[in-house]
Structures are given as structure tokens and as C-alpha cells.
Amino acid sequence: MKKIRSIFRLLSLFGISALAFSCAPKETSQTTGWNYNDPDNGGFEYVDYDEQETGPGLVFIEGGTFSMGLHDQDVMYDWNAIPRRVTVSSFYMDEYEIRNVDYREYLYWLQRVYVDYPEVYQKALPDTLVWREKLAYNEPYVLYYFRHPAYQDYPVVGVNWLQANDYAAWRTDRVNELIMVREGLMYMDPVGQTGEENFNTEAYLAGQYEGAVRNQIEDLNPNNDYRRVRMEDGIFLPRYRLPTEAEWEFAALGLIGNMRAPERIFDQRIFPWNGHYVRMDGKMDGTPADIGKIRANFVRGRGDYMGMAGALNDAHDIVAPVYAYWPNDYGLYNMAGNVNEWVMDVYRQLTSQDADEFRPFRGNVFKTQVRDEEGAIAEKDSLGHIQWREVTDEEAFGRYNYRTADNINYLDGDYASSIDYDKDDANKSNKTSDRMYYTGKPGTEGNWKKGYIGKIDAQSMVTNRARVYKGGSWKDRAYWLQPGARRFLDESQARDDLGFRCAMHRVGSQIQGTK
């Protein structure tokens, strides 16, 4: 009887429905013969997990193989996006760019929760001064664009790469907090969640959040009565984050719309739509009234940002609302034009040739949670976050897949890959960790190879802080609307034509609706 009650309790707390779990978990282990979910057999729990819940604002992107890079003439002659076939796993991406109102909600939460830490709020503020130009009158945008309700559905700009990542981390915790409330495991308690007592997914899983916990799950372990939610329960969603460059480009192209037969895509795309035109033509899916309309928000020609009075070509002088224009075949809005968008990757010119064919990405800095002398996860910090640190070389020793934490420079930037590398000399002088690119971290200047850089204060614009952005914007020409086009900016800088959207990893099946 206890077994039946325990299973019913477990499933009811998890909000069992066709969306999440089936009604009949497996009863017996196929390897030991012991019963699952049975206190009399030790209480090992098995969740008959169906598939991942789609988080708020996200669209499912079914992955696959595609030719990543520019598919039109490289008029800039950068040769930094040479086509190469890669594979991207299925994932989720925001339907549209993060809006001003979305980011203001974030700031409001920071100001309300971190009353004793005003610097947290100040650090997150977007730079509204990005609108200023030396020979243009843009002060109205400085004053009104971010705060005025007329612009609340417009994409937030003036946010740097670091701030975008902080927003994604905050969003993860707010979504998972609401899931806990929905499943009856927490109270809605905005008053009690201040300072370090705010809900944090990692802190909860580490047993360091007590807060507004309501009901705990009845533990089938005969030694305990109740337990906390575990990762194995499948309740929490994976982290919101920036998309990788490969993910962003794959989603922008939307080639799934050109599938005419199994594994047969007959038309490659230059833009997120078919054809060479930036206007709607008779072959598009729009109504006859749409034919001839501009398909994205960009600069049509010199000095033409919106067309002529009485016949505005896109009706927007600067950015447009995030749902303006037509979505691509994945249902994503403004993957070309409006604002450029940050992605996760560190910029290197030849990443397309160096990165893995499966889930390509440059920017890995492997980390692990800080632990105390007894091996337990260290106490969360004053903001309620679990602390992380880089993996040491000693911890990575003996591994075949990586030997150090920071792999940003691997194959392009580490001294061992430079033309001046001398293996024997490097081994003697212990220079194998030298970098061609200045990382911007204090104390790293001494890691430069003397004679290669030339002098200590020399530095390339391409550093380990240079982050890729893509998509083109309201102030770009049509060339930059190509998903394969890529540019970079220091992670601490912001622009008036640069925003972002979030992505999320897809766990389990790569096809939505299947187990």
C-alpha cells in the first residue's frame, strides 16, 4: 500500500500529463530484477520521462547537418566564414529578440531582491548612451528608447555580452522557480526572496536553498521520509543561454522549409528566405498585398533608412518591434535585420576550419563547482549563487579529450599553433602555455612569447574577449543579413544595433513529440 501511495504521490507532484510523464512507470529493473519505486526493494526511483517541456518564449529547432558559412560572394574578403558541413543537435531558441520590457522586468527583479547590493542593479543597466553620434541628433533615443512604453516591444540594445549571459542565468532561475510553484513544491513568496535567499536552481540542487519550500517529495528510500527534487526527476529545465554561432546560423537559415524529399534540400539560401531578393515576390507565401514589401529592417541604400514619405519601405526609422516582418520556416522573427545578435563564441577568423564537425563552438573554459575540504559544495555567495572555478591542469592530467581548462586558443592562438613554435625550445623554456592573443586578464602579459608579439603593449583587436555577433541590423546593408556573415566585438562593449535572444539545450530525443 505504501508503494502505491508513494508512486501516486511522486507522479502527482510532478504534474503528470501527456506532456511530461506516462502513467505507468516501469516496475522492474531489466538488469537486476529488483523492483523500481519500491521501498521494500530499497526504493530506487525510475521516472518514465516522456520529453522536455518547452520553456516560455522558446521555439523547438530540429537539428541536423548543414553547410555552415557564406554562400554568396565574400565582398569583404575576410575569408572568415568558409563553407563547411557540420551537424547541430536539436535545441530551443527564442521566437524573437529580448525586448525592452523583458529586460526591464529583469532590472525590476534585481532592484527588488538585491536591496542591499545596489551595484548588482547598476551593473546590469543597459548603456543608453550607445545612441549618441558625434554628428547626429539622437538624444531622444537616449532618453526614451529603453523606458518609454512606446518601445516596450522593441529589442533591447546597449547590452554587452556579459550582461546578456547574466540575464540568461536569471531567466533560468525564474522559470524553474515558477515550475516548482506550479508543481506544488514551493510557495509563491516574492517578499521572502531577498538577497541570498532568492531561489537559485543550482543552490537548491546543492541543498542550500530553504526559502519558500512547500511540500517535499515522499522519499521511497526506506531510511528517509522526504527528499528534495533531484535532477533525475526531470522537473527542472536546462539553462537558458546564448546560442552558439552554429546554432544561431542553422536556425536563421531555416532550411527545414526547403526539404522536398527525405534528406533532399534542393535550394540553398543566402538569407533566411529563398531567393536573392530582399523584397517579397510572387513566389513567397505572402498575400498579393505583401508583394514588393521589404522582408527585413536594414539600410536599403546610402542615406535610406526607411524610404520616402507616403511610401515608407519598412516604416521603421531605427529598430522595429520584435514580431515585425515575416518569421522564417522555424517560426523565428527577425533573424535578418532589426538588430544584430550576440552568440556564445569567441571570434577567430578560421574557426570554421578548426572547430569540430559536431556542435562546433570556440570558447570552452571548463569549470567545476568550488568545494570545501570535505568535498562538499562550498557555501553559496552573498547573492545566493553557487561558486565555480576553472579546472586545474592537475585535475585534467591524464585526460585524452582536454588537458587544460581554457581552450579558447586551441589550434588558433596558442603558441604551439603559431609559425614561431619550436617544440624543443618550448619544452626547455616551458612556453607551451604562451598565447599569441592577449587575454585581457591581469598578469597575463608575461605569457607572451618575446619576439612574436614584439612588445608588451602591442595587442590585436582579436582577443579572447572578442565575441561573435550575427544577423545584420537596421543600420546595415543587405550583405550582413546573410546568416553566414560574422563580425565581432569586445564582450564588455555594446551598440545601438546589437541585442540578443536566448537558447536552451534539448535533452533526449532530437525529434519533438517522440521519446
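Brief remarks on what is shown
- Calculated FRET value between SER29 and THR54, using beta carbons and R₀ = 45 Å, to 0.05: 0.90
- Cα centroids of region 120-175 and region 467-515: 17 Å apart.
- Nonlocal amide H pairs with GLY499, under 5 Å, H built at 1.01 Å: ASN340, GLU341, TRP342
- R0 of 60 Å, Cβ-Cβ distance ALA376-ASP354: FRET efficiency to nearest 0.05: 0.95
- A protection proxy built from the mean count of other Cβ atoms within 10 Å ranks the segments 230-239, 148-157, 383-392, 198-207, most packed first, as 198-207, 148-157, 230-239, 383-392.
- The label point for THR392 and the one for VAL120, both projected 7 Å from the Cα toward the Cβ, are 3.0 nm apart.
- Förster radius 25 Å - calculated FRET efficiency between GLU105 and MET188 (Cβ-Cβ, nearest 0.05): 0.95
- Separation of the THR368 and MET231 label points, Cα + 7 Å toward Cβ, nm: 1.4 nm
- Cβ charges +1 (Lys, Arg) and -1 (Asp, Glu), total dipole of region 32-154, debye: 840 debye
- Counting only Cβ charges, +1 for Lys and Arg and -1 for Asp and Glu, the dipole size of region 210-326 around its Cα centre is about 420 debye.
- Fully extended contour minus Cα-Cα distance, from GLU62 to SER89, at 0.36 nm per residue: 9.0 nm
- In this simple spin-label approximation, THR514 and SER460 carry label points 7 Å from Cα along the Cα→Cβ vector, and these lie 4.3 nm apart.
Read-outs throughout are calculated quantities, based only on the coordinates presented, and are distinct from any laboratory measurement. It should be emphasised that the depicted structure is a prediction, and the values quoted were computed from it without experimental measurement. Cβ coordinates were reconstructed from backbone atoms using ideal geometry, including for glycine residues, and neighbour counts include every protein chain displayed.
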